[in-house]
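Structure, as structure tokens:
Read the figures in this text as sums done on the coordinates, not as results from a lab. On a predicted model such as this, the values are computed, not experimentally measured, just so you know. As a convention, Cβ positions derive from the backbone with ideal geometry for all residues, glycine included, and neighbour counts pool all protein chains shown.
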Amino acid sequence: MKSILQIKSLIAKEFLLEWRQKYAINGLILYISSAIFVAYLSFNLETQKLQPITWNTLFWLILLFSAFNAIAKGFMQEKAGRHYYYYGLVSPYLIIISKIIYNVLLMLLITLIGLGGYSLFLGNPVQDLPFFILNLVLGAIGFASTLTMVSAIAAKANNNSVLMAVLGFPVILPMLLLLIKVSKNAMDGLDRGSSVEEIVTLSAINLIVISVSYLLFGFLWRS
């Protein structure tokens, strides 16, 4: 019970910091809006030249780079002194769990905003929307959990943003390919059974990443 209360306090702290630094979330929303609008101008919706496969791939690329921009600052914006302060108050395992939960919520918000704006400007060719949204939720969890741990590693390397990309992309890329495939099946209205293997694989990857982050973060935190 005490651990749950501490996790709630840590998540509330993250929301409070985000609220105080409104430029961060505002800048992220501006980034998504600009990317969508540029895509709209580039493909010129009036000519109906945007094919479903292009719509799908471009949408996930926008979400991917939005995820890097949103989650990279998770540990990198905190100074070492604050880390020592947290270390004396709570378990490092609670810190990584709270960070992952907060980043998942942030990614879900980004995903919903991105899908709404993307559908508004570029249309929505998805035939099985509930299944498409389920895939979005799995993608948000995968991006958030993976990049949270990568952000912690990069923070220990003197906030090396290059390291964030180098470590993040090899893990994200297989996940991204699965997400694009499932999304394409949902857009085409195919039977959901054809995507069960990919959904199970995505769920397993998310579970493995979260478990590994939980097990290894304590050693990383003490280094």
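Karplus-based coupling profile of region 165-173, in residue order and whole Hz: 6, 5, 7, x, 5, x, 7, 6, 4, with θ = phi - 60° in 6.51 cos²θ - 1.76 cosθ + 1.60 and x standing for Gly or Pro. Going from the residue with the fewest nearby Cβ atoms within 10 Å to the one with the most, Asp188, Asp128 rank Asp188, Asp128. For the Cα trace of region 2-222, dividing Rg by the Kirkwood Rh returns an Rg/Rh value of 0.99. 3J(HN,Hα) along region 205-217, derived from phi through the Karplus expression 6.51 cos²θ - 1.76 cosθ + 1.60 where θ = phi - 60°, amounts to 4, 4, 5, 5, 4, 5, 5, 5, 4, 5, 6, 9, 5 Hz, with x in place of Gly and Pro. Couplings for region 124-135, taken from phi via the Karplus curve 6.51 cos²θ - 1.76 cosθ + 1.60 with θ = phi - 60°, read 9, x, 5, 8, 10, 5, x, 5, 5, 5, 4, 5 Hz in order; Gly and Pro are left as x. Computing FRET efficiency as 1/(1 + (r/R0)^6) for Val90 and Thr54, where r is the C-beta to C-beta distance and R0 is 30 Å, gives about 0.05.
From the P(r) of region 121-223, can you give the percent of Cα pairs sitting at distances over 15 Å? Working shown, then result.
Working: 3421 of 5253 pairs.
Result: 65 percent of Cα pairs exceed 15 Å.
Each peptide in 95-102, 63-70, 7-14 was scored by the mean count of other Cβ atoms within 10 Å over its residues; highest first, the order is 95-102, 63-70, 7-14.
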